[in-house]
Amino acid sequence: MTTHGSVWLATARMSRYDVLATDQQADVLVVGGGVIGLTTALQLQLEGADVVLVEAGRIGARTSGNTTGKVTSQHGAIYAGLLDRHGIDTARQYATANQAAVEEVAELVGRFGIDCELVRSPAFVYSTESADLSREAEVAAQLGLPAHNVDPTELGLPLTATEVVRFDNQVQLHPSRYLGGLAAAFSRAGGRIFERTRVTELNTEGDRVEARTEPGSTVRANHAIVATLLPIGLLGGYFARTRPNQSHGIAVRLPVQAPSGMAISVDDPVRSTRPWPGGGPNGLIVVGGDHETGDQDDTDAVYRGLIDWVSSLWNTQAQAEYRWSAQDYSTPDQLPYVGKAPGSSILIATGMHKWGLTNGMVAAGILRDLVLGRENPWSSAYDAGRIGGARAVAELVKDNLKVGKEFAGGHLRRLLDSGLDHVEVGQGGLYDADGHTVGAYRDPDGRLHTVVPVCTHLGCPLRWNQGDATWDCNCHGSRFAPDGSVLDGPAVSPLKTPDH
Ligand SMILES: Cc1cc2nc3c(=O)[nH]c(=O)nc-3n(C[C@H](O)[C@H](O)[C@H](O)COP(=O)(O)OP(=O)(O)OC[C@H]3O[C@@H](n4cnc5c(N)ncnc54)[C@H](O)[C@@H]3O)c2cc1C
Ligand code: FES
């Protein structure tokens, strides 16, 4: 029996917080209760700021609660590429910032006594193909990271690796318990958290920011930090300069003890592994099957690919006890965007390249220092302003407004040639309803959910993701539940209901 949902969220007891029912005033408004929003809010509250954090759903329940839980400066094999592309100063800033972030996470866990299964272990990056990782180890070491080229047998996986690089003394933890601990520490320090409260509009008036929310109250603050994975709506034009990429995860029990280290391949497809402590000594987490959000017809097959990989490596009939997916954004030059959005006083953080547990800690420090008017040693590598000035961004947004319309033509051609009566239990997709295209899903209780399958961000057509039962947008990564409610932005409004 496979539970559909993150193993971490299923095994963490998270406190619940109220919906925002009355207007609030604060020094700082933080929008989004993932790892970046929570870490930034906690740091600012500890510095004496009065912080309100507003979360659309539940704290830590989106991407941050669906990670692999690796807290490491080893982000695949990136350092040789960063050096070649950005030069030694920027590559060193990125490396040093992320290695420092590993220690900052460990320090926070210790300081607040967060019970999150934190363990120190090596993090391996390996290839089973012809990739040459020897320069990666050399460059990473030159940048000051604890990286070494090691004998492939050290990896501990039953496969033939050609090259293995080991990063020493990294961290793995239970991400949801970590996030729950951050939220509790923030609350204890006097911070205010509101859940099930979506920010739908942000208006700046002079130096002040006013956020309108669903279900209706407002928050006014001197500073606003938008930590919503991708900035909402059109803010800063970041939706046009990032790509959403989804990965899938499974938790399995092997017939033998699981390797104790963390590992990630540079092969295609990528496989990322680490122990699953909740599954006992044989428990293993495998994450992979990467693809752009909204570009897969058969996401069930992606999960089968992960299970088959485990079955063939360990010569077993593996069963996924949990399976889940999540997405993160990448930037064209591999570096996150953190700082002030062009033409606005609003601060943002996005584009963590699936390494937001350390990059998010770096982002939190940069955002905190921007609010407090302090210098930050890493801010130039993460500069959010490199997207362009306000005028360039306005052009970018204008060009992208056309995107939805252009995609919508192709959408009608994908229409299924059957009516709503044919939607089977557990199935979803596009259907013909009296000559109109309708998105439909029949839930396990037999209830039919219908939506207009057009993204409420900029109007792109949505694709049904059967493996996760979501409507996904390939344009900029908005995702919606079968009832049309927003799961991930940049969209802020639910899908429309068909009126026929
Ligand atoms: C499968 C997978 C595995 C990963 N594993 C790792 C790993 O092992 N190590 C690592 O370092 N990184 C990992 N990452 C990357 C990491 O998870 C992300 O970079 C990080 O979680 C991003 O954090 P966030 O706070 O920006 O986003 P989120 O966690 O998505 O938080 C954003 C929050 O904002 C809320 N929100 C959105 N819109 C609104 C709105 N309008 N109003 C109010 N709230 C809103 C959302 O509900 C959400 O809770 C992984 C990513 C994926 C996809
Ligand atoms: S996310 Fe932008 S159009 Fe869907």
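The values are calculated or read from the model by the stated rules, or taken from the named source; none is laboratory data. Here the structure is a predicted model, which means the values were calculated and not measured. We place every Cβ from the backbone using ideal geometry, glycine too, and count neighbours over all the protein chains shown. Just the protein is used for accessible areas: all its heavy atoms, side chains included, with ligands, DNA and RNA removed. Shrake-Rupley method; radii C 1.70, N 1.55, O 1.52, S 1.80 Å.
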The residue from Arg85, Arg62, Arg58 that alone is within 28 Å of Pro490 (Cβ to Cβ) and buried (at least 21 other Cβ atoms within 10 Å of the Cβ) is Arg62
All-but-one check, Ser493 against (1) within 16 Å of ligand 1 (Cβ to nearest atom); (2) open to solvent by 30 Å² or more (accessible area, probe 1.4 Å); (3) over 22 Å from Thr350 (Cβ atoms), failing number (3)
Checking Leu82, Leu44 in turn, the sole residue that is under 17 Å from Ser330 (Cβ atoms), more than 6 Å from ligand 1 (Cβ to nearest atom), part of a helix (DSSP H, G or I) and within 24 Å of the chain's Cα centre (by Cα) turns out to be Leu82
Subset of region 163-188, residues more than 16 Å from Glu104 (Cβ to Cβ), open to solvent by 40 Å² or more (accessible area, probe 1.4 Å) and touching a residue at least 24 places away in the same chain (Cβ under 8 Å), comes to Glu163, Arg166, Asp168, Arg177, Ser187
Scanning region 18-43 residue by residue, the ones that are open to solvent by 10 Å² or more (accessible area, probe 1.4 Å) and among the polar types (S, T, N, Q) total 4
Scanning region 105-140 for residues that are in a loop (DSSP other than H, G, I, E, B) and closer than 30 Å to Phe186 by Cβ, the one most open to solvent (accessible area, probe 1.4 Å) turns out to be Asp115
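The rows are residues; the columns are (1) within 16 Å of ligand 2 (Cβ to nearest atom); (2) closer than 30 Å to Pro377 by Cβ; (3) without any contact (Cβ under 8 Å) to a residue 24 or more places away in the chain; (4) in a strand (DSSP E or B).
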site: Leu313; (1), (2), (3), (4): no, no, no, no
site: Gln319; (1), (2), (3), (4): no, no, no, no
site: Gln334; (1), (2), (3), (4): no, yes, no, no
site: Gly339; (1), (2), (3), (4): no, yes, no, yes
site: Pro342; (1), (2), (3), (4): no, yes, no, no
Quiz item: Quick one: would you say Asp298 is open to solvent by 10 Å² or more (accessible area, probe 1.4 Å), more than 18 Å from the chain's Cα centre (by Cα), among the acidic types (Asp, Glu) and modelled with pLDDT under 95?
Solution: yes
Here the qualifying pairs (Cβ atoms under 7 Å; residues six or more apart or on different chains; first in region 92-117 and hydrophobic (A, V, I, L, M, F, W, C); second open to solvent by 40 Å² or more (accessible area, probe 1.4 Å) and at pLDDT 95 or above) come out as Ala95/Gly144; Ala97/Trp378; Ala106/Leu118; Val109/Leu118; Ile114/Arg177; Cys116/Arg177
Yes or no: region 304-313 includes at least one residue that is buried (at least 16 other Cβ atoms within 10 Å of the Cβ), within 11 Å of ligand 1 (Cβ to nearest atom), under 25 Å from Thr128 (Cα atoms) and not charged (D, E, K, R). no
Contact list, first residue from region 240-263 and β-branched (Val, Ile, Thr), second anywhere and modelled with pLDDT of 95 or more and not in a strand (DSSP E or B), beta-carbon distance below 6 Å, six or more apart or interchain, is Thr242/Thr331; Thr242/Gly351; Ile250/Leu306; Ile250/Ala320; Val252/Val310; Val252/Ala318; Val252/Ala320
Exercise. Does region 434-450 contain any residue that is among the aliphatic types (A, V, I, L, M) and under 30 Å from Gly237 (Cβ atoms)?
Worked result: no
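Of everything in region 237-269 that's among the small types (Gly, Ala, Ser) and farther than 26 Å from Pro281 by Cα, which residue is surrounded by the fewest Cβ atoms within 10 Å (Cβ to Cβ)? Spell out how you get there, then give the answer.
Keep residues of region 237-269 that are among the small types (Gly, Ala, Ser), which gives 237, 240, 247, 249, 251, 258, 260-261, 263, 265.
From what's left, farther than 26 Å from Pro281 by Cα: 237, 240.
On the way: Gly237: 24, Ala240: 20.
Filtering first and then ranking leaves Ala240.
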So, first residue among the aromatic types (Phe, Trp, Tyr) in region 442-458, second residue within 16 Å of ligand 2 (Cβ to nearest atom), Cβ within less than 8 Å, six or more apart or across chains; the pairs are none
### Verdict on Ser330 being more than 22 Å from His174 (Cβ to Cβ), surrounded by 16 or more Cβ atoms within 10 Å (Cβ to Cβ) and modelled with pLDDT of 95 or more
yes
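Name every residue in region 193-236 that is of a type in the set (Ser, Thr, Tyr) and within 11 Å of ligand 1 (Cβ to nearest atom), in order of residue number. Even if it seems obvious, please write down each step before you answer.
Narrowing region 193-236 to residues of a type in the set (Ser, Thr, Tyr): 197, 200, 204, 213, 217-218, 228.
Within region 193-236, Thr197, Thr200, Thr213, Thr228 qualify.
Yes/no matrix, rows are residues, columns are (1) under 17 Å from Leu347 (Cβ atoms); (2) within 16 Å of ligand 2 (Cβ to nearest atom):
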| site | (1), (2) |
| --- | --- |
| Gln24 | no, no |
| Leu29 | yes, no |
| Ala41 | yes, no |
| Leu44 | yes, no |
| Leu53 | yes, no |
| Ala56 | no, yes |
| Gly65 | no, no |
- Test result for Met361, in a loop (DSSP other than H, G, I, E, B), within 14 Å of ligand 1 (Cβ to nearest atom) and of a type outside the set (Val, Ile, Thr): no
